[in-house]
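The values are calculated or read from the model by the stated rules, or taken from the named source; none is laboratory data. Only a predicted model underlies this, so the values are computations on that prediction, with no experimental measurement involved. With ideal geometry, Cβ positions are generated from the backbone for all residues, glycine too; neighbour counts draw on all protein chains shown.
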Amino acid sequence: MKLTPYEVEGEIDYNKVIKQFGASLIDEKLKAKLAGLKLIDKGIFFAHRDLDKILKKEFAIVSGRGPSAKITLAHLQIFKFVKDMQDKFGCRVFIPFSDDEKFLFNQKLSYEESKRLAYENALDIIALGFDPKKTEIIIDFENMNQELYNLSMRCAKTLTNNTVRSAFGFTGDKNVGINFYPAMQAAHILYPTLKYGVPTIVPIGVDQDVFIKLTRDIAHKLKLQKPGDILSKFIPSLEGTSKMSASNPNSAIYSDDSMKDIEKKLKKSFSGGRETLEEHRKYGGNPDVDVCYQYLDLFLEDDEKKLKEIHDSYKSGELTTGDLKKYTIKKAQDYLKEHQKKREKAKKLLPKFLKS
């Protein structure tokens, strides 16, 4: 199974991923240092490279965004995790928007649209409450500075076309910008190290891990501290598949969805219930595969006692699929209604984050 940043097939065996990538599981000792971070407690972030070493000293977090579509509920939770890390450790956070990458890879995406999506995505992220004094948003097409560009050139000089093509599976018919872009991505990751002399931690999906491996090699060649990462599992889609896709409107809830959209999508979401009400009452449902329950568990329900009640009641057949969906719809609507208000306020805050 070869995972690249642009192609992931089938279900993921995460134990195999750890072995294949040479990463380490987040053990109980490390979990204790990260106590209170929901996506750690829930096992979404499950493996790492050098996280245990980097947490012992000052560090920065780099968490980028490729703005080819609107922000989903899953994206919000990943960035909320980063914000919670900032609150817990007082670290700097760098959020590079690779609108240039999306422009290069997507033949239908215009320069103007890629920039617009970057700004729209940035508002969603700012709405989560990041500290503007310790958070820097870099939109490549807008406010990339000379220092970052120069670093990308230094990174590029350490890479050969053969290395890039081998790592990412690129072919000769791709535009030249695509072959260069891994150097820019490495520069994003290493920028805080160059600027502030601190190592970086990159929260990243398992399908993006190749970027970290490549950047660690580049850091060694440039005599910079190697970045660490913290690897996440995929967030399930509304359709029950292993990965939510922002480009598929049927698989995701977007941050700007209307209350009616949220209701419609969750009513159609993959269920762990039985074929008939009679069977459900008799045999119970399966909350572990039910999308509504999983979204409550990961995003929407902070009361663990209430969550256990829902789990047990659904499993016993006492709680029906319809009732579970109704409860989840209300929670999702309340969450996003509040988020959308904060997003409006974020428009005035945006300049504070766009440092040059």
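Some points to look at:
- Residues in the stretch 110-127 that are surrounded by fewer than 17 Cβ atoms within 10 Å (Cβ to Cβ) and either part of a loop (DSSP other than H, G, I, E, B) or touching a helix residue (DSSP H, G or I) at 6+ places or on another chain (Cβ under 7 Å) (or both): Ser110, Tyr111.
- Subset of the stretch 96-109 (residues that are assigned to a helix (DSSP H, G or I) and basic (Lys, Arg)): Lys102
- Options Lys325, Lys330, Lys315, Lys305; residue that is in the same structural domain as Lys265 (by TED's automatic domain parsing), touching a Lys or Arg at 6+ places or on another chain (Cβ under 8 Å) and assigned to a helix (DSSP H, G or I): Lys325
- Residue in the stretch 267-284 that is at pLDDT 95 or above and within 20 Å of Ile44 (Cβ to Cβ) present: no
- Qualifying residues in the stretch 275-301 (those that are in contact (Cβ under 8 Å) with a residue 40 or more places away in the chain and not β-branched (Val, Ile, Thr)) - the one surrounded by the fewest Cβ atoms within 10 Å (Cβ to Cβ): Leu277
- All conditions but one from (1) at pLDDT 95 or above; (2) farther than 23 Å from Tyr295 by Cβ; (3) in contact with a Phe, Trp or Tyr (Cβ under 8 Å, 6 or more places away or on another chain) apply to Gly64; the one that does not is (1).
- Here is the figure for the stretch 259-286: residues that are aromatic (Phe, Trp, Tyr), over 26 Å from the mean Cα position of the chain (by Cα) and not in a helix (DSSP H, G or I) total 0.
- The requirement of being assigned to a helix (DSSP H, G or I) and under 14 Å from Leu30 (Cα atoms) is fulfilled nowhere in the stretch 58-76; no residue meets it.
- All of His280, His339 fail the test of being more than 30 Å from Pro132 (Cβ to Cβ), touching a helix residue (DSSP H, G or I) at 6+ places or on another chain (Cβ under 9 Å) and not assigned by TED's automatic domain parsing to the domain that holds Arg92, apart from His280.
- Top-ranked residue of the stretch 139-175 - restricted to ones that are touching a Phe, Trp or Tyr at 6+ places or on another chain (Cβ under 8 Å) and without any contact (Cβ under 8 Å) to a residue 60 or more places away in the chain, ranked as surrounded by the fewest Cβ atoms within 10 Å (Cβ to Cβ): Glu147
- Per-region count, the stretch 8-50, residues assigned to a loop (DSSP other than H, G, I, E, B) and at pLDDT 90 or above: 10
- Looking only at the stretch 134-171, and only at residues there that are of a type in the set (Val, Ile, Thr) and part of a loop (DSSP other than H, G, I, E, B), the one that is modelled with the highest pLDDT: Thr158
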